[in-house]
Every structure is written in structure tokens, then in C-alpha cells.
Ligand code: HPA
């Protein structure tokens, strides 16, 4: 039932009893970015269980800490472990940390994920800069009473992903020699993969990549006034006429192989992003 500013205030108060950190950049360490958490200097981590309103992380592969410190010399707050709808979390739980990171002072949100490539021009392991999204299948995280202190009733979605950050990422990818393209990400609820017919529909709708996360957090981030950047690693190709059975080990291997690129891109972005 949508967040209230009182809930956010009590989470912030609990965090403030542990750290006086003033983060500028918030990061959701999704697939392909786990190692960035190890690059946080002067790190202080608060377990989600110690923060009122935070759900418990349920995935074995994710930790479940809110981490503070610096990357590239800039103060950051990072979610080490994110929540997915397919784990059984509702949209309030998935997106609450975004509210809290904003209330702590962060103005820029960086988020990563693994995605399937719907655009035939992509290769496994490529980076994909999210320029726009389709939320039709992802639910409505702002449904319920709107607390005006947290954001407007009808936030526009004219530029959910900041063009300045996309251009910065494109330049860095070019300098580093990383293949990347930009386009539209569509969020599905999962955990099942899509049928051939569904991949065809998603492509017809104009999507270039499909995944099971990110869009709920980004909707709330836009509502909260964050400047947002999203990046995917393309872990598998979802071409309906050449579809192969899913091999989760291969997806994890592709994501792991792309991790150094993703980490380098984000470290450089954090260094270069303006206030
Ligand atoms: N569909 C949904 N999510 C995904 C996929 C996919 O094909 N690949 C990686 N994450």
C-alpha cells in the first residue's frame, strides 16, 4: 500500500544511529555488479534486518546489507542484495530501500541486472544501456495513497533514465572498447522464462531486452526525484525462432564474465558523474 514518509523517517533514524554517512550515489548491486561491493572503501554495512521496514533478503546468492563507504572517492550507499517479485516480495518491499537511500541524500541511482536479448543485433555478454522501459507486466509500485512528501501523485515518465548518464556511459564504453547498445527494457515478473510467443510479443512491443527486475525500483526512484542510470548484461538471446533451453549455469557464467566490464563502467561513472 505505497510507502509513507513516516516509514521512511523511521528507517533513516535507525540508520543515522549507526552512521552519519552522506551518500551522493545509490547503487543497487544486481547481477553483474556483486564485485563492485568489494570495491567500497571504508565500508560500514548494516544488515537489512536491522532497518525497520526492510524485508529480509532471501536469495542465497545475495547478502542483504545496506553498505556505506566510498567508490572512486565519492560517498555511496549500496544495496548488497536486492528483492525480486518472484521471491514473493511485494512491490513495497522491493522498492522501500530506494526511498530510504534517497532520504539519506543520494541524488543519483545506478542499477544493474541480467537480461535476455530480444534485439537480434546483440551478443551474449554485451552491455545494454537502458534508455526506456515497459512496465506493463511489472505491476504498479505507486498504487495506494500518495504521500506528497515522497513525490507527486502522477509522476511523469518522460525520461526515467537520465540522458546525460547514458551519454557518459556510452563514452566510457567506447573508451574501454566495450560493445554496448541502448534501448528499451521490459520487465516481467518471472521466475519462469518466456514462451516463444511471449518473446515475439515483447519484441513487437518494441523491447530490446527482457528481465525480472529494475522497473519497480526505477518507477519509485523517479517518483522520489532520483536521477537514474540502468545497465544490463545480456546473458542469453531470446530469439523465438532460434530458442535454446535455458541453462542457468551458462547465464551465471556469462554474467560473471561480463562483471569486470560492468564494475569498471560503474567505477568510472561514479568518478565522473556531476553533482
Ligand atoms: N527473460 C527474463 N529474464 C531474463 C532472461 C529472459 O530471457 N534472461 C535473463 N533474465
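The values are calculated or read from the model by the stated rules, or taken from the named source; none is laboratory data. It should be emphasised that the depicted structure is a prediction, and the values quoted were computed from it without experimental measurement. Heads up, the Cβs are rebuilt from the backbone with ideal geometry, glycines too, and the neighbour counts pull from every protein chain shown.
At pLDDT below 95 and more than 12 Å from the ligand (Cβ to nearest atom): does that describe residue 179?
The answer is yes for residue 179.
Mind counting the residues in the range 29-76 that are at pLDDT 90 or above and in contact with a strand residue (DSSP E or B) (Cβ under 8 Å, 6 or more places away or on another chain)?
Going residue by residue through the range 29-76, those that are at pLDDT 90 or above are 29, 36-55, 64-76.
Cutting the leftovers down to in contact with a strand residue (DSSP E or B) (Cβ under 8 Å, 6 or more places away or on another chain) gives us 29, 36-37, 39-48, 51, 54, 64-71, 74-76.
Adding up the residues that qualify gives 26.
From 93, 106, 114, which residue is within 19 Å of residue 150 (Cβ to Cβ) and either touching a strand residue (DSSP E or B) at 6+ places or on another chain (Cβ under 9 Å) or surrounded by 22 or more Cβ atoms within 10 Å (Cβ to Cβ) (or both)?
The conditions single out 106.
Filter the range 144-162 down to residues that are in contact (Cβ under 8 Å) with a residue 24 or more places away in the chain and within 18 Å of the chain's Cα centre (by Cα), then give me how many there are.
Counting residues in the range 144-162 that are in contact (Cβ under 8 Å) with a residue 24 or more places away in the chain and within 18 Å of the chain's Cα centre (by Cα) gives 4.
Has the range 47-63 got any residue that is out of contact with any helix residue (DSSP H, G or I) (no Cβ under 7 Å at 6 or more places or on another chain) and assigned to a strand (DSSP E or B)?
Checked against the condition, which is being out of contact with any helix residue (DSSP H, G or I) (no Cβ under 7 Å at 6 or more places or on another chain) and assigned to a strand (DSSP E or B), the range 47-63 yields at least one hit.
Yes or no, residue by residue, for (1) at positive phi; (2) out of contact with any helix residue (DSSP H, G or I) (no Cβ under 8 Å at 6 or more places or on another chain); (3) outside any loop (DSSP other than H, G, I, E, B); (4) within 13 Å of the ligand (Cβ to nearest atom):
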{"residue": "166", "(1), (2), (3), (4)": "no, yes, yes, no"}
{"residue": "172", "(1), (2), (3), (4)": "no, no, yes, no"}
{"residue": "184", "(1), (2), (3), (4)": "no, yes, yes, no"}
{"residue": "189", "(1), (2), (3), (4)": "no, no, no, yes"}
{"residue": "197", "(1), (2), (3), (4)": "no, no, yes, no"}
{"residue": "210", "(1), (2), (3), (4)": "no, no, yes, yes"}
{"residue": "217", "(1), (2), (3), (4)": "no, no, yes, no"}
{"residue": "220", "(1), (2), (3), (4)": "no, no, yes, no"}
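Could you please let me know if residue 115 is outside any strand (DSSP E or B) and touching a residue at least 60 places away in the same chain (Cβ under 8 Å)?
For residue 115, the condition - outside any strand (DSSP E or B) and touching a residue at least 60 places away in the same chain (Cβ under 8 Å) - is not met.
Inspect the range 171-183 for any residue being farther than 17 Å from residue 119 by Cα, free of Cβ contacts under 8 Å to residues at least 40 places away in the same chain and touching a strand residue (DSSP E or B) at 6+ places or on another chain (Cβ under 9 Å) and give the result as yes or no. Break it down stepwise before answering.
First, pick out the residues of the range 171-183 that are farther than 17 Å from residue 119 by Cα: 171-178.
If we keep only those that are free of Cβ contacts under 8 Å to residues at least 40 places away in the same chain too, we end up with 171, 174-175, 177.
Now drop any that are not touching a strand residue (DSSP E or B) at 6+ places or on another chain (Cβ under 9 Å), which leaves 174.
Scanning the range 171-183 turns up at least one residue that is farther than 17 Å from residue 119 by Cα, free of Cβ contacts under 8 Å to residues at least 40 places away in the same chain and touching a strand residue (DSSP E or B) at 6+ places or on another chain (Cβ under 9 Å).
Can you pull out the residues in the range 18-31 that are more than 11 Å from the chain's Cα centre (by Cα) and touching a residue at least 12 places away in the same chain (Cβ under 8 Å)?
Passing the criteria: 18, 19, 21, 22, 23, 24, 25.
Taking the range 2-23 on its own, how many of its residues are part of a loop (DSSP other than H, G, I, E, B), touching a helix residue (DSSP H, G or I) at 6+ places or on another chain (Cβ under 9 Å) and farther than 17 Å from residue 83 by Cα?
Within the range 2-23, residues that are part of a loop (DSSP other than H, G, I, E, B), touching a helix residue (DSSP H, G or I) at 6+ places or on another chain (Cβ under 9 Å) and farther than 17 Å from residue 83 by Cα number 3.
Going residue by residue through the range 229-252, is there one that turns out to be away from the ligand (no atom under 12 Å from the Cβ), within 30 Å of residue 151 (Cβ to Cβ) and assigned to a helix (DSSP H, G or I)?
Within the range 229-252, none of the residues are away from the ligand (no atom under 12 Å from the Cβ), within 30 Å of residue 151 (Cβ to Cβ) and assigned to a helix (DSSP H, G or I).
Please verify whether residue 205 is surrounded by fewer than 22 Cβ atoms within 10 Å (Cβ to Cβ), over 30 Å from residue 3 (Cβ atoms) and touching a residue at least 60 places away in the same chain (Cβ under 8 Å), treating the condition exactly as stated.
Criteria not met by residue 205.
Tell me, please, whether a residue that is in contact with a helix residue (DSSP H, G or I) (Cβ under 8 Å, 6 or more places away or on another chain) and within 20 Å of residue 182 (Cα to Cα) can be found in the range 83-93. Walk me through it before giving the result.
Within the range 83-93, the subset in contact with a helix residue (DSSP H, G or I) (Cβ under 8 Å, 6 or more places away or on another chain) is 83-85, 91.
Okay, now just the ones that are also within 20 Å of residue 182 (Cα to Cα), so none.
No: zero hits.
Answer yes or no: is there a residue in the range 136-147 that is within 20 Å of residue 101 (Cβ to Cβ), away from the ligand (no atom under 16 Å from the Cβ) and surrounded by fewer than 20 Cβ atoms within 10 Å (Cβ to Cβ).
Within the range 136-147 (the criterion being within 20 Å of residue 101 (Cβ to Cβ), away from the ligand (no atom under 16 Å from the Cβ) and surrounded by fewer than 20 Cβ atoms within 10 Å (Cβ to Cβ)), the answer is yes, since at least one residue qualifies.
Every residue in the range 119-137 that is under 15 Å from residue 232 (Cβ atoms) and either at pLDDT below 95 or in a loop (DSSP other than H, G, I, E, B) (or both), please.
Correct list: 119, 121, 122, 123, 124, 125, 126.
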